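Taking it in order: structure first as structure tokens, then the write-up.
The values are calculated or read from the model by the stated rules, or taken from the named source; none is laboratory data. Since the structure is predicted, the reported quantities are computational estimates derived from the model, not experimental observations. Here the Cβ positions follow ideal geometry from the backbone for every residue, glycine too, while neighbour counts run over all protein chains shown. The protein model used for the area step is the full one, side chains on, heavy atoms only, and it has no ligands, DNA or RNA in it. Shrake-Rupley method; radii C 1.70, N 1.55, O 1.52, S 1.80 Å.
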Amino acid sequence: MKRLFSILVIATIMVFGGLTANATNSVNTLPAVTSNIVQDNDEAGSAAQGEESLGFHQELKKRFIEGGAGFMGIVLLCLILGLAIAIERIIYLNLSTTNSKKLAQDVEDALNSGGVEAAKEVCRNTKGPVASIYYQGLDRADESIDAAEKAVVSYGGVQMGQLEKNVSWVSLFIALAPMLGFMGTVIGMIQAFDKIEAAGDMQPSLVAGGIKVALLTTVFGLIVAIILQVFYNYIIAKIDSIVNDMEDASITLIDILVDYKRRK
């Protein structure tokens, strides 16, 4: 990898060096008047390039201010709230992830060696919804297998609700951000046509600024929706993975309890 990087650097230096030498030779062969014109053009190009080479944050800030503080502020608020909820859900879901196979093996070993209380102690010392479901099933193990299974199914629904908590707010902000952007665009277009009606003449300079401002709200609304959609899809995929793990772990727990009752 380092050798490839070195080759690319050397090739780049050679290419730019050759281009610079060719450009220098060409300029030296031109007349003095042409050289001055080229110099003036270079200075103008450098100034234009300096204006175009604004950083990403500066350009974003500039466009945000041009869009107006009204709708742009609301769209930004949707982004902040949506990201806050999404990050909180991602942290919660990552902490809820459990190695269910290892937990099932530990519970089975504790159940065979120390009984139900030892298995419940293993669940108490383990975090995550799978351990909580195991604990509820083991808590009803002395009654019957059917009671344990009902407890597992019921508490699984409770844990699923905890996993999906506040996710609907993220989907709301995903839908709300572009709608607000479109609303800002429509209002901006109405204002632009009001200017045309007041002036009585269709001048591009009269409405170009208003139309640009109106379109900026739509652009920012779509950007917010795209960012939040990525987080939302990750959260949904993570929830589905944990739910599938919970279902498999529930079946495994029932099988463990059946074997335990049979040996007992």
Please compute the length gained on full extension between MET179 and ARG124, using 0.36 nm multiplied by the number of residues separating them and subtracting their Cα-Cα distance. 15.2 nm
Using θ = phi - 60° and the Karplus curve 6.51 cos²θ - 1.76 cosθ + 1.60, what whole-Hz ³J(HN,Hα) does each residue of region 256-263 get, with Gly and Pro shown as x? 5, 5, 4, 5, 5, 5, 5, 6
With DNA, RNA and ligands ignored, accessible area of LYS150 (1.4 Å probe; Å², nearest 10): 140 Å²
Kirkwood-type radius of region 211-264, with distances r between different C-alpha atoms, in Å: 15.0 Å
Just report the Cα centroid separation between region 215-254 and region 91-115, whole Å. 25 Å
Where in region 214-236 is the amide nitrogen less than 20 Å from a point lying 7 Å along the Cα-to-Cβ axis of LYS195? 214-220
Computed label-point distance, nm, for sites ASP259 and LYS150 using a 7 Å Cα→Cβ extension: 2.7 nm
If the chain between LEU215 and LYS165 were fully stretched, how many nm would it gain, using 0.36 nm times the residue separation less the Cα-Cα distance? 14.6 nm
Would you mind counting up the charge near TYR92? Only other residues with Cβ under 12 Å from its Cβ, with Lys and Arg at +1 and Asp and Glu at -1. +2
Report the charge-dipole magnitude of region 109-163 in Debye, nearest 20, computed about the Cα centre from +1 at each Lys and Arg Cβ and -1 at each Asp and Glu Cβ. 260 debye
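Quick check: net charge around LYS150, other residues with Cβ under 13 Å of its Cβ, Lys/Arg +1 and Asp/Glu -1?
Details: positive: ARG140; negative: ASP139, GLU143, ASP146, GLU149.
Taking every Cβ under 13 Å from that of LYS150, the sum is -3.
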Largest-first ordering by accessible area, 1.4 Å probe, given options SER132, SER96, SER113: SER113, SER132, SER96
